1. Binning at 10 angstrom from zero up to the longest distance, how are the C-alpha pair distances of the chain distributed in percent?
2. Restricting to lysine pairs 8 or more places apart or on different chains, what number in the range 12-137 have Cα atoms under 20 Å apart?
3. Just from its helices, what would the mean residue ellipticity at 222 nm be for the chain, if runs of 4 or more DSSP H residues each count -39500 (n - 2.57) and the sum is divided by every residue, rounded to the nearest 500 deg cm²/dmol?
4. Would you work out the charge dipole size for the chain about its Cα centre, treating the Cβ of every Lys and Arg as +1 and the Cβ of every Asp and Glu as -1, and quote it to the nearest 20 debye?
5. Compare the Cα positions of GLY48, ALA116, LEU33 along the charge dipole of the range 12-137 (+1 at Cβ of Lys, Arg; -1 at Cβ of Asp, Glu; about the Cα centre) and return the one farthest towards the positive end.
6. Ranked by Cβ crowding within 10 angstrom, fewest neighbours first, how are GLU136, GLU31 ordered?
7. Of the options PRO62, ASN88, SER8, report the single residue whose Cα projects farthest towards the positive end of the charge dipole of the chain (beta-carbon charges: Lys, Arg +1; Asp, Glu -1).
8. Relative contact order (percent) for the chain, with alpha-carbon contacts under 8 angstrom and 6 or more residues of separation?
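Values in this text are rule-based calculations from the coordinates and carry no lab data. This structure is a prediction, so every number in the text was calculated from the model and none was measured. When we count neighbours, we look across all protein chains shown, and the Cβ atoms used for this are built from the backbone with ideal geometry, even at glycine.
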Amino acid sequence: MKTKKSQSWIPSVIICHEKHGDRIFNALTEEKLYESSLLILKERMKSGYWYHDPGDDKPKEPDYKKDDIPSLKGDVKKLAEQLLNVYNMYYRDWQIDMENYNDITTALKTNDGKFAWRILNDGTGEYERVSLEPIENV
């Protein structure tokens, strides 16, 4: 779908493919696309179900560092390596969650509909999928 100002806009609708059915929002103009995107993010944030601040969910670091592992022996060493790998995996996931949450709050605080659309369009959650459909296809 064309979204640059220099290109012609095709009257469309945003379809939110949610758990209990599809919801349709106005995107007849590019401006309406951005207004509707902000509305969707605001509704989802207000519901308390869609987005939460992952700040308190930060994984707890192990009591040892990677540099400590070579001094360990046998099964203790293997376990320490496994636990550190699991921690690193959870930490990376937490960083992504924090980045996503910060993006959402930034779009809402700055009332940036273009950024809100980008967030919605990039959504990866099972019920976060959206599509922009030209009116003639609906």
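1. Per 10 Å bin, starting at 0, the Cα pair percentages come out as 11, 32, 23, 15, 11, 7, 1.
2. 17
3. My calculation for the chain gives -16000 deg cm²/dmol from helical runs alone.
4. About 220 debye.
5. The residue sitting most towards the positive pole is GLY48.
6. Fewest to most other Cβ atoms nearby, the residues stand as GLU136, GLU31.
7. The Cα lying farthest towards the positive end belongs to SER8.
8. 36
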